[in-house]
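The values are calculated or read from the model by the stated rules, or taken from the named source; none is laboratory data. Source: prediction; values computed, not measured. Using ideal geometry, Cβ is built from the backbone for each residue, glycine included, and neighbour counts are taken over all protein chains shown. Please note that ligands, DNA and RNA were not included when accessible areas were found on the heavy atoms of the full protein model with its side chains. Shrake-Rupley method; radii C 1.70, N 1.55, O 1.52, S 1.80 Å.
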Amino acid sequence: MHFFEWNVSPILISFGSFSIHWYGVLFATAILSGFGVMNWIYKSEGKSIEQLESLQLFIVIGIVVGARLGHCFFYDPAYYFANPLKILAINEGGLASHGGGIGAILAAFYYARKNKIDFLYLLDRLAIPTALFAFFVRMGNLMNSEILGTQTDVSWAVVFSRVDLIPRHPAQLYEALSYLSIFIVLFLVYKYKNQTLKAGFLFGTFLSLVFIVRILVEFVKERQAVYAQEMFLSTGQMLSVPFLMIGIGLIVYSLYKKEESKL
């Protein structure tokens, strides 16, 4: 049976010993495109663009620090507790999306309190570019031939020949396209229904859709955490359940909320 072969180099351009990697370019694109969306939102609502610049800094720091700590302590805690200095070796790879999400939420909470902005109002708007951010990050994983799917014989299976010759589910692509679809849905809901939406609805919808996707795709994804190899649910699925429950709770809360939150 013929399968698609993926043999793309993770390096985009090399200049002697210096290399620019696809993942780095796509991660930067994720940040820039996300802030482009937030810039549009702030302008459309007549908010200060100067305030947005400080938010960008907080969110980037929160995502990177949270994603790194999440990878270390969610997926291989024994190794990093034994080698704590390796936590700083971010150049060796290892970022966890759940940790990045927690870091971004904490950064947004600090920013909201510092600038006296309603926290749910801010999270509702950050949810839109975050879905787009997730799309670019998973495309970066695809370019790196990482976050691999399980073996399969479906007609769209992909052989990541830089890793092995096993036909696999393109799990990164499943997630990437799902997150792009979620971004489009959130953007259109915000654009056409913003005046009638109550605080928490967009963020709750974001959490619910993203983590339903994550839970489902994990069933066709190779396990990353060694300690979870024999468990029914993967580490990613177990971490996704609380986020999903919070998302559903926020949707219910927003639907039954009597008054819209104000800044």
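What do you reckon, is residue 190 open to solvent by 20 Å² or more (accessible area, probe 1.4 Å), over 30 Å from residue 222 (Cβ atoms) and not in a loop (DSSP other than H, G, I, E, B)?
Here the answer is no, as residue 190 does not meet what is asked.
Restricting to strands (runs of 3 or more DSSP E) lying wholly in segment 1-107: which have 2 or more residues that are among the β-branched types (Val, Ile, Thr)?
By residue number, 11-15.
Please specify each residue of segment 10-19 satisfying the condition of being free of Cβ contacts under 8 Å to residues at least 24 places away in the same chain, surrounded by 12 or more Cβ atoms within 10 Å (Cβ to Cβ) and either under 15 Å from residue 162 (Cα atoms) or not hydroxyl-bearing (Ser, Thr, Tyr) (or both).
Selection gives 11, 12.
Whether any residue in segment 126-139 is over 20 Å from residue 105 (Cβ atoms), part of a loop (DSSP other than H, G, I, E, B) and open to solvent by 30 Å² or more (accessible area, probe 1.4 Å) is what I want to check. Walk me through how you get there before you give the answer.
First pass over segment 126-139, keeping only residues over 20 Å from residue 105 (Cβ atoms): 139.
Subset that is part of a loop (DSSP other than H, G, I, E, B): none.
Looking for residues that are over 20 Å from residue 105 (Cβ atoms), part of a loop (DSSP other than H, G, I, E, B) and open to solvent by 30 Å² or more (accessible area, probe 1.4 Å), one finds none in segment 126-139, hence no.
Given (1) of a type outside the set (Phe, Trp, Tyr); (2) open to solvent by 80 Å² or more (accessible area, probe 1.4 Å); (3) at pLDDT below 80, identify the lone condition not met by residue 57.
Every condition holds for residue 57 apart from (3).
Can you tell me which residues in segment 43-66 are free of Cβ contacts under 8 Å to residues at least 40 places away in the same chain and under 22 Å from the mean Cα position of the chain (by Cα)?
Within segment 43-66, 52, 53, 56, 57, 60, 64, 65 meet the criteria.
Do you know which of the residues in segment 106-153 that are under 10 Å from the mean Cα position of the chain (by Cα) and among the small types (Gly, Ala, Ser) is modelled with the lowest pLDDT?
Only one residue fits best here, namely 134.
For segment 245-261, what are the residues that are surrounded by 14 or more Cβ atoms within 10 Å (Cβ to Cβ) and either in contact with a helix residue (DSSP H, G or I) (Cβ under 6 Å, 6 or more places away or on another chain) or at pLDDT 90 or above (or both)?
246, 247, 248, 249, 250, 251, 253, 254, 261
What is the one condition in (1) modelled with pLDDT under 80; (2) open to solvent by less than 20 Å² (accessible area, probe 1.4 Å); (3) touching a Gly at 6+ places or on another chain (Cβ under 8 Å) that residue 103 does not satisfy?
The number of the failed condition is (1).
Tell me the residue from 40, 22 that is open to solvent by 40 Å² or more (accessible area, probe 1.4 Å) and in contact with a Pro (Cβ under 8 Å, 6 or more places away or on another chain), please.
Exactly one residue qualifies, and that residue is 22.
So which residues in segment 178-187 are free of Cβ contacts under 8 Å to residues at least 40 places away in the same chain and either of a type outside the set (Ser, Thr, Tyr) or surrounded by 15 or more Cβ atoms within 10 Å (Cβ to Cβ) (or both)?
Passing the criteria: 178, 184, 185.
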